[in-house]
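Asks: Take this structure first; my questions come after.
Coordinate-derived values only; no laboratory data. Computed from a predicted model, the values in this text were never measured in an experiment. When we count neighbours, we look across all protein chains shown, and the Cβ atoms used for this are built from the backbone with ideal geometry, even at glycine.
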Amino acid sequence: MSTHLIIDGYNLLGAFWGFADGLESAREDLLKALAAYRHRKQHVMTVVFDGWRRDRPIEQHDRYGGIEVIYSKRGEKADQVIQRLARHYGGDCAVVTSDREIIAVARAHGAFVLEAREFAAKLRGPLPGGVVPYKELDRGQDERPGRGSEKKGNPRKLPKAERRRQHQLKRF
């Protein structure tokens, strides 16, 4: 079963572009970028936007480039919709947000969580020239601080939890 990607739309929009050009055009640009990403990666994607201020009595579902777009209903915030979806899909989904409450609910139900900034970097594509983030180009050494002398093991090896997370990130 493929991973279902649930995205907090305005949260990602703030991390990816911001709202300088106006809300409608920024949202349209974000959906175009997500459609291109979906075409490359073939993930099932749902983007949730706040629609409760638009006075819609029911939740509105649209499709854009193979992506399901949900606008929350009157009296319900996008956060609540995302939490409901995370509970429904559990470990078969990944949630993109920077909201701590959503992160806590998603992790409690076994979902993988990507910070909005982290996913925005993946959405923009790889770094130019294939730059490895933890290496300095001039000296060839790690940027991370070294471990104290009391620790044993390979000081360049990431902790197990971080290695597991890096392995999961490769899917995206």
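Asks: Which net charge results when you count Lys and Arg as +1 and Asp and Glu as -1 among the other residues whose beta-carbon is under 15 Å from that of TYR64? Could you put the intermediate results ahead of the total?
Replies: Numbers: positive: ARG27, LYS32, ARG38, ARG63; negative: GLU24, GLU28, ASP29, ASP62, GLU68.
Charge balance in the 15 Å sphere: -1.
Asks: Which of the peptides 33-40, 95-102 is most tightly packed, and how do the rest follow, judged by the mean count of other Cβ atoms within 10 Å per residue?
Replies: Output ranking for 33-40, 95-102: 95-102, 33-40.
Asks: If the limit is 29 Å between Cα atoms, which of LYS73/LYS170; LYS32/LYS73; LYS122/LYS157 go over it?
Replies: Distance filter (> 29 Å) returns LYS73/LYS170.
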